[in-house]
Amino acid sequence: MSRLDLLFSKRNRGLLLDVFVFVFQLLLLRLLTKLSIGFFQQAEHDAFPKLVIAFFLLGLFLLQSLGPMLKRWSFHQRFPDFERNMGGLTSLLLSFYRFFYIGAMAIMLFLAYVYFAEAIKLEYSDAIEKAIVAAALVLPIASAVAVFRFFHKPSDRFGKFTLLESPLAETLGDLCMLLNIIGFQILFSVYVSSPHFWNALHKTTRLASNNLDSLSARLYIAFIASLLAYFPPRIFYLVVDQHRLITWLTMLLANLPLIYAIVFYVPAPQQPRLLHQPSFTVTAAELHDEYEQDNHTGIKKYSGNYINVTGRVQTRFFPRSLELKDQIGLDGKDGYPWVYCSFDEDQVESAEALELGQQVTFQCVGSSDWSHGAALEHCVVIR
């Protein structure tokens, strides 16, 4: 038997899956990710994309148990002693997978509900909220029961469900698992491409972040990310191939594009958002004067309005905490700025490219909180 025939044999379906996913990531994943990101951006304003995303997430949830159900009988026919000879490593893998699976499915169902509710403009009520919470608790557990039956040998033949005992069922099961992995890859790639992920990555891999330098920290995060994205759907093949070195090598191969993208990503200033016609064009000094005279009047005047503000970079505050926004302070003296300008996640890299003393112009929205000084938010670097 040739090496190619060995790759396509039933025993090596997991290896074939790894090779296919690697080729898929190189050739198609970037294109599909760009299309998906555009679709998610449309969903911010249109109802139809929201519905499509909701049904995609629901379909991915239903797909989880379909593959294991179709492959269960053939799996235990090929490995009749699997359940009796289950080792410690296999039990550990399944325990990890069980908790991850229930949590991931609950999040997936909740997101599907959020997109669906926004698409049809569903009015929230206590009854609906309780039903959603109950569904998010019960359905993932029910799905987990169906999935983990895969690892237990059927007590008897399926009787009238003869399709489940046929070679066609195993082939369909492999196809479902392939679609499952592709769905997870697309979903995770969309998140990895989002400003939130890169902002989190950038904040957690600063040179001053504990004792990890940027490269080693990124490598660690890359392996965790690839594990979360690839391990759950792959486990149905891994449980019998875990002792083969080639298995771990092909799994590494399948995740190399994702690992490479995370580890060697180079930040670059991002393109500014679409600018709006400003209601006010001021300098940082003028804003500070209004704050000193009457900050309550300043809040009423500027809150919620677009403002073009010009000044010199006095302070740069880039916190490691994801709960705090990056902030540039304009003008001022003795390290105390006159205007505080905060930036959203998709504009962080543009803010961090600015130098102290640099003359800049931002377009911002007036904040309603001037308790510590004139404050602006949602800022974009104009020049």
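Below are the figures for this structure:
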{"item": "Leu322 modelled with pLDDT under 80, within 30 Å of Arg218 (Cβ to Cβ) and not aromatic (Phe, Trp, Tyr)", "result": "yes"}
{"item": "Residue within the range 21-29 that is within 25 Å of the chain's Cα centre (by Cα), of a type in the set (Val, Ile, Thr) and part of a helix (DSSP H, G or I) present", "result": "yes"}
{"item": "Matching option when the condition is of a type in the set (D, E, K, R), surrounded by 14 or more Cβ atoms within 10 Å (Cβ to Cβ) and under 21 Å from Ser371 (Cα atoms), among Lys333, Lys300, Lys325", "result": "Lys325"}
{"item": "Subset of the range 343-360 (residues that are without any contact (Cβ under 8 Å) to a residue 60 or more places away in the chain, of a type outside the set (A, V, I, L, M) and surrounded by 20 or more Cβ atoms within 10 Å (Cβ to Cβ))", "result": "Phe343"}
{"item": "Selected residue (only one of His288, His243 is modelled with pLDDT of 75 or more, surrounded by 17 or more Cβ atoms within 10 Å (Cβ to Cβ) and not acidic (Asp, Glu))", "result": "His288"}
{"item": "Index of the failed condition, Met69 passing every other in (1) at pLDDT below 85; (2) more than 16 Å from Leu137 (Cβ to Cβ)", "result": "(1)"}
{"item": "Total residues in the range 43-55, condition buried (at least 19 other Cβ atoms within 10 Å of the Cβ) and either closer than 19 Å to Met105 by Cβ or basic (Lys, Arg) (or both)", "result": "3"}
{"item": "Residue in the range 303-319 that is farthest from Ala375 (Cα to Cα), counting only those that are modelled with pLDDT under 85 and among the aromatic types (Phe, Trp, Tyr)", "result": "Phe318"}
{"item": "Qualifying position, being modelled with pLDDT under 85, touching a strand residue (DSSP E or B) at 6+ places or on another chain (Cβ under 9 Å) and of a type in the set (Phe, Trp, Tyr), among Tyr336, Tyr340", "result": "Tyr336"}
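Yes/no matrix, rows are residues, columns are (1) modelled with pLDDT under 75; (2) surrounded by 14 or more Cβ atoms within 10 Å (Cβ to Cβ); (3) among the charged types (D, E, K, R):
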position: Leu201; (1), (2), (3): yes, yes, no
position: Ser209; (1), (2), (3): yes, no, no
position: Leu212; (1), (2), (3): yes, yes, no
position: Ile224; (1), (2), (3): no, no, no
position: Phe236; (1), (2), (3): no, yes, no
position: Trp248; (1), (2), (3): no, yes, no
position: Asn255; (1), (2), (3): no, yes, no
position: Tyr260; (1), (2), (3): no, no, no
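Let's see how each residue does on (1) surrounded by 14 or more Cβ atoms within 10 Å (Cβ to Cβ); (2) over 29 Å from Ala225 (Cα atoms); (3) at pLDDT 80 or above; (4) not assigned by TED's automatic domain parsing to the domain that holds Gln77:
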residue: Phe99; (1), (2), (3), (4): no, no, yes, no
residue: Tyr115; (1), (2), (3), (4): yes, no, yes, no
residue: Ile128; (1), (2), (3), (4): no, yes, no, no
residue: Ala135; (1), (2), (3), (4): yes, no, yes, no
residue: Val138; (1), (2), (3), (4): no, no, yes, no
residue: Phe150; (1), (2), (3), (4): yes, no, yes, no
residue: Asp156; (1), (2), (3), (4): no, yes, no, no
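The values are calculated or read from the model by the stated rules, or taken from the named source; none is laboratory data. Here the structure is a predicted model, which means the values were calculated and not measured. Glycine also receives a Cβ, built like all others from the backbone with ideal geometry; neighbour counts cover every protein chain displayed.
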